[in-house]
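We did not get these values from a lab; they are worked out from the coordinates using the rules stated. A quick note: this is a predicted structure, and the numbers were derived from the prediction, not measured. Note that we place each Cβ from the backbone using ideal geometry, even for glycine, and neighbour counts take in every protein chain shown.
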Protein chains: 2
Amino acid sequence: MHYTLRQIEVFLATAHFENVTQAANSLAMSQSAASSALQDLEQRFDIQLFDRAGKRVQLSELGKALRPRAEALLAQAREFEHSLTQRTDVAELKVGATLTIGNYLAVPIMAEFMNLHPDARVSLTVENTAAIASRVRNFELDIGLIEGELQDPVLEVIPWREDELALFCAPGHPLANQRTLSDADLLAARWVVREAGSGTRQAFDRAMHGLLPDLDLRLNLQHTEAIKRAVEAGLGIGCLSAIALRDAFARGSLIRLEAPQRDWTRKFYFILHRQKYRSAGIQSWLTLCQAQER
Amino acid sequence: MHYTLRQIEVFLATAHFENVTQAANSLAMSQSAASSALQDLEQRFDIQLFDRAGKRVQLSELGKALRPRAEALLAQAREFEHSLTQRTDVAELKVGATLTIGNYLAVPIMAEFMNLHPDARVSLTVENTAAIASRVRNFELDIGLIEGELQDPVLEVIPWREDELALFCAPGHPLANQRTLSDADLLAARWVVREAGSGTRQAFDRAMHGLLPDLDLRLNLQHTEAIKRAVEAGLGIGCLSAIALRDAFARGSLIRLEAPQRDWTRKFYFILHRQKYRSAGIQSWLTLCQAQER
DNA sequence: CTAAACTATCTGTAAAACAGATAATTGGCA
DNA sequence: TGCCAATTATCTGTTTTACAGATAGTTTAG
């Protein structure tokens, strides 16, 4: 390798301040050192990162083009340093999950896992599918549990379990006695649904294919509990994962509706980094979840 | 930064060979230098990357856990060095496209672009959506033209133009006179389609939602031309982007079929790296494509 | 026109990277 | 079992690099 991470630091700091002195200061080094570090980098590759006019130092076109790549590189280098510094506890497991999975499926599995490994430390991050995929890709998470489909050459996507969306309304709702809904009913109803971009909403959109532009999506909410309460309050009919509704159905606080002409199934997936080392903790988690599935 | 890319090189080479001497050789340095580089790295962070037993050097658990991250880092560092070395020509534009787009839409735009910028060098890579997204993410491509939807926090996804899938058969096919197909016809037909994983197939699957498990997908082919020829030969009915079939329909070598009860539209998208510097070439390409759209 | 701010360069020093030699350990093989 | 070849860590000296401090030359602001 013909350059140093330090040189990249100097390059980026200088690009940021457009001022070598300040850049040097921010890196706790002398101005002369920063200056020569820059020049060294430029000479080595025979490139010009900055346009110099007297005391002004300004990013050149090439510098501008290179900067984002350098930022990305340095970010990864910092990440790596972090993982060097921080004792990467063998018994630490970082799990990421989407909202629905995190609230209704991940927690019991985590409980069981911690039962099995009493001294393991487990963390759960709840974010949307894209963010979780990105974190797994950057080694920030060990395992991701997601709803949406995903294609990424770096990620291994393992089908985990089937899920089913359920339609529901309040007990006092006109449709509560009817139970089975036609497409016409779906179009006539007022809806309370998850926000666009969420996995549940994606699945809803797919199930509603063809009707979508004409649906009366009255309320978009980010949380399942909020949707349940809105539906309970009679604001409309809702659509959520069946597992999020089991208790409410059993209790009778919400009434399940059917629309068998449409496909309400979807899949949940694990995602793992293909290259990442599968620690004992990761292995154990996977087998645990496979067992759960049955 | 408290470590060097060189140290990472030594770490990875040693991990690869499990032998310091060979690692040193492969990096054109002395064994002693490699040995102390390793020790330096280990001491700096007070970690143990290798288990040493006499003359044996073996990756420790921690080393195993760190290795993939280090590989990723070094790969990115090499990429960066490459972009430093290679005069990143301002007038160079690297475009990636999926098969359908690459063959039927990208080439005329590229032609127009090169007309506008006679001394620009343009390259076109044809790959599937996931691979193109990955390359854009790694700054290997300036622009990606893709079919499938995509969510990625690092990528900007810009809707580009609508596309439409078309059903078609050979002139002599029994359905050729009927023209309009019911769902029952779709189920009864033998199909020649693109392979699973391709954007066209994804769109096909979505359009066929509900019927999918019962369809007679007789032939899966990777290339549009192959599908056209297979359908011409009477092997079944096909489904491809309408733009890929325009000539064949005009010529009468293939007959278009309708199934208006299903939604055959889909969208094409640009993808760009959010952080990447938008060179004049990239800007120009984008405005060109926006113009094309009208 | 001057002062302040800034950069590049020169010089010397401390630190680091490296090669070569050497000693110690070990695994393989006779 | 005993010896040799292989391999690693360490020691030593040298070269290279990184850096600070000082300085000269520019430039901008006032």
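Counting only alpha carbon atoms, the long axis of helix A:280-293 and the longest principal axis of chain A meet at about 20°.
Can you give the FRET efficiency for A:Ser26 and B:Gln39, using 1/(1 + (r/R0)^6), R0 = 41 Å, r = Cβ-Cβ distance, to the nearest 0.05? Using R0 = 41 Å, I get an efficiency of 0.85.
Determine the gain in length on full extension of the stretch A:Met114-A:Gln275; use 0.36 nm per residue of separation and subtract their C-alpha separation, reporting nm with one decimal. Intermediate values should be presented prior to the final figure.
Working: separation 161, 0.36 × 161 = 57.96 nm, distance 2.55 nm.
Fully extending the segment from A:Met114 to A:Gln275 adds 55.4 nm.
Taking beta carbons within 10 Å but only from partner chains, what does the mean come to for residues B:54-65?
What the average comes to for B:54-65 is 2.
Along the range B:56-67 the Karplus relation, 6.51 cos²θ - 1.76 cosθ + 1.60 evaluated at θ = phi - 60°, assigns HN-Hα couplings of 9, 10, 10, 4, 7, 4, 4, x, 4, 5, 7, 3 Hz to successive residues, with x for each Gly and Pro. Computed over neighbours whose Cβ is under 14 Å from that of B:Glu127, the net charge equals -1, Lys and Arg +1, Asp and Glu -1.
Sorted from fewest to most neighbouring beta carbons within 10 Å, what does the list B:Ile101, A:Ile158 look like?
Values: B:Ile101 29, A:Ile158 14.
Fewest to most other Cβ atoms nearby, the residues stand as A:Ile158, B:Ile101.
Distance from the C-alpha centroid of the range A:71-116 to that of the range B:233-294: 41 Å, rounded to the whole angstrom. Taking amide H as placed 1.01 Å from N in the peptide plane, the amide H of B:Leu257 sits under 5 Å from that of B:Leu167, B:Phe168, B:Cys169, each at least 5 places away or on another chain. In a DSSP loop and with at most 13 other Cβ atoms within 10 Å, the trypsin sites (Lys or Arg not before Pro) in the range B:167-251 are B:Arg179. Apply the a/c threshold of 1.5 to the C-alpha gyration tensor of the range B:80-129 and tell me whether it is rounded, prolate or oblate. Oblate shape, in that a/c is at least 1.5 and b/c is the bigger or equal ratio. GNM remark for chain A: springs join alpha carbons under 10 Å apart, and the peak mean-square fluctuation among A:Gly63, A:Gly172, A:Gly252 falls on A:Gly63. Between A:Asp247 and B:Ala188, the FRET efficiency estimated from the beta carbon spacing at R0 = 30 angstrom works out to 0.10. Counted by neighbouring Cβ atoms within 10 Å, the residues A:Phe270, B:Phe17, B:Phe11 run from fewest to most as B:Phe17, A:Phe270, B:Phe11. Annotation for A:Arg229 and A:Thr287: the two label points, set 7 Å from Cα along the Cα-Cβ direction, are 4.3 nm apart. Under the simplified labelling scheme, the A:His82-A:Arg52 pair shows an inter-label distance of 3.6 nm, with each label point 7 Å from Cα along Cα→Cβ.
Which FRET efficiency, nearest 0.05, do A:Gln151 and B:Asn138 yield, Cβ-Cβ r, R0 22 Å?
Working from the Cβ atoms, E equals 0.90.
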